[in-house]
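One structure is given below, encoded as structure tokens.
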């Protein structure tokens, strides 16, 4: 077994663990700080909306020796608008200019042909209206709202309303951070970005539901015992699924990181950045929120329940009484289950019946050879 697998087994058994719930205020503070930074960046810098949302023109040139930087300066001087230039595999250039109408595009096309020393007839010009991007954005917002409503309803039925609220907070947390990162780094927001934002919702929810399912199973009939509080069992649920969450997140991040850093950065395929950045940031934020935000928030909400409050008082009172009697019984072992009962009875159930002498007649009357 690998070291990570061995650690996961020990986490599941409760032999080791980290107090995520006890330090939840630290994680809340970090998330609030990151979220505020994202919102401020969004308010100050805004989003760099792509041509699909603002409208404009895309010019594709034949093979040319002119560099992308020179073409960008020429296009910006001819149009007076923001320009994005990408080198194509054919040796040509893809020049994207926002806020350009039909009349203006003809003049820009003629200027580009002159500056780039290519025939004007071989420059392909495509006009993109803003209405198409606005329609896509409107449908995306509608899908996002419907998705969140369905998620809340399902989690409230399958688990409980506290988990539904915690999952909704985690989703909003992930989307806000991802959009804020786009505003801070200045990446262009395209239809691919919208697709990436909608995709990360499923990944974020998957990790959260895995922890919730473990928590639901371990807290079944929790009020019938007096060994663990709800927060302690919630913390064990996080630790028990920690290695699984890390593994799934790393496996999902590796190909996305390849698209972002190798495809978009090293190879210069800028269009890959549109979707890969949203996926990369969203996956990382989703893994963080499922561990540090969603489950601790459930524990906070659950600890306000009168029955869970009473359970906490009973557990603490029993531990105080046990500590007064002797240090050995002050607290349960890390790997113990939370069922009530005498510890000696639990040991008997694991080891088997005790005080059963072996039969003295066992093995008599048989030859020493093969058994029949």
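The values are calculated or read from the model by the stated rules, or taken from the named source; none is laboratory data. The model shown is predicted, which means the values in this text are computed figures rather than measured ones. Glycine also receives a Cβ, built like all others from the backbone with ideal geometry; neighbour counts cover every protein chain displayed.
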Cβ-Cβ under 7 Å, sequence separation 6+ or interchain: first residue in region 90-119 and on the phi > 0 side of the Ramachandran plot, partner in a helix (DSSP H, G or I). Which pairs? 99/54
Which condition breaks for residue 163 when tested against (1) at pLDDT 90 or above; (2) surrounded by fewer than 21 Cβ atoms within 10 Å (Cβ to Cβ); (3) over 15 Å from the mean Cα position of the chain (by Cα); (4) under 30 Å from residue 137 (Cα atoms)? (2)
Criterion first (in the same structural domain as residue 18 (by TED's automatic domain parsing), free of Cβ contacts under 8 Å to residues at least 12 places away in the same chain and within 23 Å of residue 86 (Cα to Cα)) does residue 261 satisfy it? yes
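Which residue is surrounded by the most Cβ atoms within 10 Å (Cβ to Cβ), if the candidates are limited to region 221-237 and must be under 17 Å from residue 289 (Cβ atoms) and either out of contact with any helix residue (DSSP H, G or I) (no Cβ under 7 Å at 6 or more places or on another chain) or at pLDDT 90 or above (or both)? Before you say what the answer is, go through the steps one by one.
From region 221-237, those under 17 Å from residue 289 (Cβ atoms) are 234-235, 237; that's our starting set.
Now drop any that are not either out of contact with any helix residue (DSSP H, G or I) (no Cβ under 7 Å at 6 or more places or on another chain) or at pLDDT 90 or above (or both), which leaves 234-235.
Values: 234: 27, 235: 25.
Here the residue is 234.
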Given the conditions (1) at pLDDT 80 or above; (2) under 17 Å from residue 48 (Cβ atoms), which single one is not true for residue 82? (1)
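A quick yes/no check of all residues on (1) assigned to a helix (DSSP H, G or I); (2) modelled with pLDDT of 85 or more:
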site	(1), (2)
5	yes, no
16	no, no
20	no, yes
25	yes, yes
38	yes, yes
53	yes, no
64	no, no
Can you report the number of residues in region 270-308 which are more than 20 Å from residue 34 (Cα to Cα) and at pLDDT 90 or above? 11
Residue in region 166-180 that is modelled with the highest pLDDT, counting only those that are surrounded by 23 or more Cβ atoms within 10 Å (Cβ to Cβ) and over 13 Å from the mean Cα position of the chain (by Cα): 166
Residues of region 86-106 that turn out to be within 24 Å of residue 130 (Cβ to Cβ) and not in a helix (DSSP H, G or I), as a count: 10
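Would you say residue 183 is touching a helix residue (DSSP H, G or I) at 6+ places or on another chain (Cβ under 8 Å), closer than 25 Å to residue 143 by Cβ and at pLDDT below 90? Before you say what the answer is, go through the steps one by one.
Working: touching a helix residue (DSSP H, G or I) at 6+ places or on another chain (Cβ under 8 Å): yes; closer than 25 Å to residue 143 by Cβ: yes; at pLDDT below 90: yes.
Yes, satisfied.
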Just to be sure I understand, how many residues within region 111-141 are buried (at least 16 other Cβ atoms within 10 Å of the Cβ) and assigned to a loop (DSSP other than H, G, I, E, B)? 2
Note: among 279, 283, 311, just one is over 17 Å from residue 176 (Cα atoms) and either in contact with a helix residue (DSSP H, G or I) (Cβ under 6 Å, 6 or more places away or on another chain) or outside the structural domain of residue 68 (by TED's automatic domain parsing) (or both), namely 311
Leading residue by the ranking (nearest to the chain's Cα centre (by Cα)) among those in region 218-246 that are assigned to a helix (DSSP H, G or I) and more than 20 Å from residue 19 (Cα to Cα): 223
